[in-house]
Amino acid sequence: EANRDIDANNSTSSLFVRTVENRPYFPLLKVDPSDEATIIEVARVLVSCKNNASADNGIGSVNNDNVKSNGHEADSNNTGQAKVTVITGGLTNALFKVDLPTTNNNTDNFSSVLVRIFGAEGMIDRDEETTNFARLCNNNHQNNEGGTASTSVVHAQLDLLGRFGNGRVETWIPNMRQAHHVHDFGREGLALEVARQLARLHYGFDVDDVAMPAAKNGNCEIARLQPTLWNVIELWIQELSQSLSQDDFREDASLMELFSRATSSESHGITATGIISSLSAELAWLKARVETRFPSAPIVFSHNDVNAANILLNASIDDENKNESKSYDKQSVCIIDYEYGSINYAMYDVANFVCEHCGGNDYGIPNYDLLPSSERLVTFLEEYTRERDEILLMKGKDAGETTTTIASKEAQVSDLHSQVELFQMASNLYWGIWGVLQAAGEVSDGTFQMENAKTRLEGDSDLGVWDNLRYGKNRLERYHICKERLLRND
């Protein structure tokens, strides 16, 4: 049974435990990111469950003697020995590496784990996201046990240990570092491995295993046929509309003007209605363009956020020949953070990776001179389709996608190349609205700094500071540049 309620240790306990995808879930256990004791405690509780499960081949149990009813007090002995390290690079979540003291020589025990405290409240369905991540890891374990590891869709050491009220605990993969969009993305070997891993994700993970909102309403078949891209953007526009209707915006014309400028919607009027109608019109235009131009574009389970911070590289690669493709494989390259993952267009995933070559996740200003050349994109797509075809053949599927003729292969790659070019616009619209919505949330919670935002929006000041509105503005500007270029070439 995928989801069930249990009582830790099968005894009376104030700590409510649930299992989701055969992993423990403590909905009442909350973590304060400013309090190391709570971070250590949640890591200890989830690792305890994992180790006990490994010992008895079950869900495991947790010793409640050291767990308080509110989940905020940690055992003093364990807390004193544990170590918490802040992990930088995440824009949505707070990330911490927790080193826990091992209690014995059992190799199933974990000495280090990753604690992820959820952010972007309301923008991500955490039930759906965590279930999908667990199923991706389950798929990996099943393939490894079945002797077909080549179809595994995530790194062999990546796993979900369990979830707590406002986050989850994952395995820590040692000797890995984050990729860099300049220093690493220019290496062809890495690009080819990303192509292979995206193909495995898209065609090695069965969409029947994907948790979808529509499935909760019994409308599974429709959900499987439709990409979530348009619905997510529409939902974010609706949420932005609600934020713009708040008193902060209605009572401050300069604030509304700033957001109007960031969304390039001045021509629609410097009002909430103008901003929303402008973004809605762009969404409708792009959706119609994609559906008219590529009505049969492949739809799969997509990561949707493959950027440098979400690619881990084995640190030993830095000591090897940077030009050798053999350095990059499914052991040395790990794609992480599937929180935006969903049913979507396959080439949106590729297009988003192409856009992420330009960076911008540090201080909000992508450098579009770093976009890969058309030739490099063709090479990427050739590797992607080769891996895709191998997976489909291994699964006994053809689906009209695998073929042996060179001419047909070239035509496929050409068609996918055209899709990627159009979906780059979708990536810019998606993340542009995301940035603006995040900035609107800062206004709502009182953390938005008006004068600093004005200065940053004008140019390259405060380059060491992340700015959601600046990032949103730059992505939306790029969307309009691409649209103008497309219309000129029609």
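The values are calculated or read from the model by the stated rules, or taken from the named source; none is laboratory data. The shown structure was predicted, so the numbers you read here are calculated from the model rather than taken from an experiment. Cβ coordinates were reconstructed from backbone atoms using ideal geometry, including for glycine residues, and neighbour counts include every protein chain displayed. Accessible surface areas use protein heavy atoms only, side chains included; no ligands, DNA or RNA. Shrake-Rupley method; radii C 1.70, N 1.55, O 1.52, S 1.80 Å.
Beta carbons within 10 angstrom, averaged per residue: use that to sort the peptides 368-381, 264-277, highest first.
Numbers: 368-381: 15.1, 264-277: 17.3.
Listed from highest to lowest mean packing, they are 264-277, 368-381.
Among all lysine pairs in segment 361-490 that are eight or more places apart or on different chains, how many have alpha carbons less than 23 angstrom apart?
On the way: K395/K409; K397/K409; K454/K473; K473/K483.
Lysine pairs, 8 or more places apart or on different chains, close enough: 4.
Separation between the R485 and Q449 pseudo-spin-labels, each 7 Å from Cα along Cα→Cβ, expressed in nm?
About 3.4 nm, to one decimal.
Provide the per residue accessible area, probe 1.4 Å, for segment 343-475, rounded to a whole number of square angstrom. Working shown, then result.
On the way: 5180 Å² over 133 residues.
Accessible area per residue: 39 Å².
Could you calculate the contour length gain from V86 to S280, that is, 0.36 nm times the residue separation minus the distance between their Cα atoms, to one decimal place in nm? Numbers along the way, then the final one.
Details: separation 194, 0.36 × 194 = 69.84 nm, distance 3.83 nm.
Full extension of this stretch gives 66.0 nm more.
Between N175 and R289, with labels modelled 7 Å along Cα→Cβ, what's the label distance in nm to one decimal, could you check?
Each label point is offset 7 Å from its Cα along the Cβ direction, giving 4.6 nm.
Calculated FRET efficiency, D35 and S111, Cβ-Cβ r, R0 22 Å, to nearest 0.05?
Numbers: r = 22 Å, r/R0 = 1.00.
Calculated value: 0.50.
Could you tally the net charge around V194, taking each other residue with its Cβ under 15 Å from the Cβ of V194, Lys/Arg +1 and Asp/Glu -1?
Values: positive: R187, R196, R200, K330, R376, R386, R388; negative: D184, E188, E193, D305, D329, D337, D349, E356, E382, E383, E387.
Local charge sum for V194: -4.
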